[in-house]
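Notes follow once the structure below has been shown.
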Amino acid sequence: MSHRIYLDHAATTPVIAAAREAMAQGVALWANPSSPHAEGRAARAALEGARRRIAAAYGWTGETLLTSGASESLHIALGRSVLPRRIITAVEHDAVIRAAGDAAVAPVDAAGVVDRARLATMLDGPPALVCVQWTNSETGVRQPLGEIAALVHAAGGRLLVDAAQMPASGEVAAFADMVALSAHKRGGPPGVGALLVRDLALLSPSGGQERGYRPGTENLPGALGYAAALDVAEPDHQPLRDRLDDAILRSGGEIVAAAAVRHPAIGSYRLRGVKAAAQLILLDGAGFAISAGSACSSGSMKPSHVLAAMGWSETDGREVIRVSFGRDTDTAAVDGFVAAWRQMARTTRRAA
């Protein structure tokens, strides 16, 4: 196949040129940033510069802990929070579910939005750390952070936001007490991310680097690559997503959470009667890379807990695919995908 179109940016994004160049500079600064000699001090200066740029991209004035990615950031926040309780939502990423242990689970409505009345009731009692994925990685549904933050803070709790899927924005700084981030979702390298923390007193330290909250030598090339990626603005994909939504509807498909506020670069679609696994194979053969649900769960093709929480049956949920855009996605890519999707729909309907 001579040309392929990548539409799985919610799983990971290509490392952009600016990030690759910055990583090469980081490799040249090979010394350990914790070393006291001149080489180590030069590496430390570069690392702290990257840390400041990452924080500035999110308008963050608190602490910035560099990690291996959002999953580790979430594990640190949920595992070391000094608050006596944890609350997560029913549509959180698998990394949150694994890290949250016996946390209470707040339900969502049919659109995948947190039930604020139920959450308010659950907040009665000792202070809780509440974890919310700002934009759902499977459906693109955006949570009303302002409303949720108001409830959490009024009850004496703290809000942890998984913002891995969201472009850099100062908006999150107005609401969150901690924020989990990942470079590879934003055009940076894999294996690096950050945990933004309003006040380190929210976490119990473990010793080592990163102010004593994460042991291990810092990933200087990764941090520089991440900072460089955040310096490059991301396009507005809303017109492309609207174009895709309209084409899917006119072709007999179904949009997941169509009535909800959704991320402009993520869309989930159902083709009735055709399993997602079959759709992935057919579309891959036609030259399109997409997925079914989040990358952490689609490999096993297990039923989506996100769709189940929204009231979808297992059968219907297994007919949903995800399409997600990146910096290089254009109208031609969307139109090409639509043509392939329509051909797949016609072929499978004739077969049925």
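The values are calculated or read from the model by the stated rules, or taken from the named source; none is laboratory data. Nothing here was measured: the structure is a model prediction, and the numbers come from that model. When we count neighbours, we look across all protein chains shown, and the Cβ atoms used for this are built from the backbone with ideal geometry, even at glycine. Each accessible area value is taken on the protein alone, full model and side chains, heavy atoms only, with ligands, DNA and RNA left out. Shrake-Rupley method; radii C 1.70, N 1.55, O 1.52, S 1.80 Å.
For the range 121-153, which residues satisfy the criterion of being buried (at least 16 other Cβ atoms within 10 Å of the Cβ), more than 22 Å from A292 (Cα to Cα) and aliphatic (A, V, I, L, M)?
M122, L123, A128, L129, V130, L145, I148, A149, L151, V152
Select from the range 73-91 the residues that are open to solvent by 50 Å² or more (accessible area, probe 1.4 Å), part of a helix (DSSP H, G or I) and either among the basic types (K, R) or within 18 Å of A164 (Cα to Cα) (or both) and list them in ascending order.
H75, R80
Got a number for residues in the range 295-309 being modelled with pLDDT under 95 and open to solvent by less than 20 Å² (accessible area, probe 1.4 Å)?
1
Search the range 220-245 for residues that are open to solvent by 60 Å² or more (accessible area, probe 1.4 Å) and pair each with any residue that is hydroxyl-bearing (S, T, Y) and in a helix (DSSP H, G or I) when their beta-carbon atoms are under 8 Å apart and the residues are at least 6 apart or on different chains.
Short answer, once both residue conditions are applied: R243/T331.
With the requirement that a residue be of a type in the set (K, R) and either closer than 28 Å to A168 by Cβ or open to solvent by less than 60 Å² (accessible area, probe 1.4 Å) (or both), what does the range 21-55 give you?
The answer is R44, R51, R52, R53.
Go through the range 310-332 and give me each residue that's under 23 Å from the mean Cα position of the chain (by Cα), within 19 Å of A247 (Cβ to Cβ), open to solvent by 10 Å² or more (accessible area, probe 1.4 Å) and not aromatic (F, W, Y).
Matches in the range 310-332: E319, V320, T329, D330.
Pairs please, first residue from the range 130-155 and closer than 20 Å to G311 by Cα and acidic (D, E), second anywhere and at pLDDT 95 or above and open to solvent by less than 10 Å² (accessible area, probe 1.4 Å), Cβ atoms under 7 Å, 6+ apart in sequence or on different chains.
Taking only residues 6 or more apart or on different chains, the pairs are E138/S268; E138/V306; E138/R322.
Within the range 140-152, work out how many residues are in contact with a strand residue (DSSP E or B) (Cβ under 7 Å, 6 or more places away or on another chain) and not aliphatic (A, V, I, L, M).
Filtering the range 140-152 for residues in contact with a strand residue (DSSP E or B) (Cβ under 7 Å, 6 or more places away or on another chain) gives 140-143, 145, 148-149, 152.
Adding the requirement that they be not aliphatic (A, V, I, L, M) leaves 140, 142-143.
Count: 3.
Among (1) open to solvent by less than 30 Å² (accessible area, probe 1.4 Å); (2) modelled with pLDDT of 95 or more, which single condition is D284 missing?
D284 satisfies all of (1) open to solvent by less than 30 Å² (accessible area, probe 1.4 Å); (2) modelled with pLDDT of 95 or more except (1).
Across the range 105-120, which residue is least open to solvent (accessible area, probe 1.4 Å) among those that are among the aliphatic types (A, V, I, L, M) and more than 18 Å from A308 (Cβ to Cβ)?
L119
Regarding S169, is this residue under 20 Å from the mean Cα position of the chain (by Cα), in contact (Cβ under 8 Å) with a residue 40 or more places away in the chain and closer than 18 Å to L195 by Cα? Walk me through it before giving the result.
Details: under 20 Å from the mean Cα position of the chain (by Cα): yes; in contact (Cβ under 8 Å) with a residue 40 or more places away in the chain: yes; closer than 18 Å to L195 by Cα: yes.
Yes; evaluated as a whole, the condition is true for this residue.
Evaluate the range 247-264: report whether one residue or more is in a helix (DSSP H, G or I), on the phi > 0 side of the Ramachandran plot and either open to solvent by 30 Å² or more (accessible area, probe 1.4 Å) or among the polar types (S, T, N, Q) (or both).
The answer is no; no qualifying residue exists.
For the range 93-113, does any single residue satisfy the condition of being part of a loop (DSSP other than H, G, I, E, B), without any contact (Cβ under 8 Å) to a residue 60 or more places away in the chain and farther than 21 Å from Y213 by Cβ?
Checking the range 93-113: at least one residue is part of a loop (DSSP other than H, G, I, E, B), without any contact (Cβ under 8 Å) to a residue 60 or more places away in the chain and farther than 21 Å from Y213 by Cβ.
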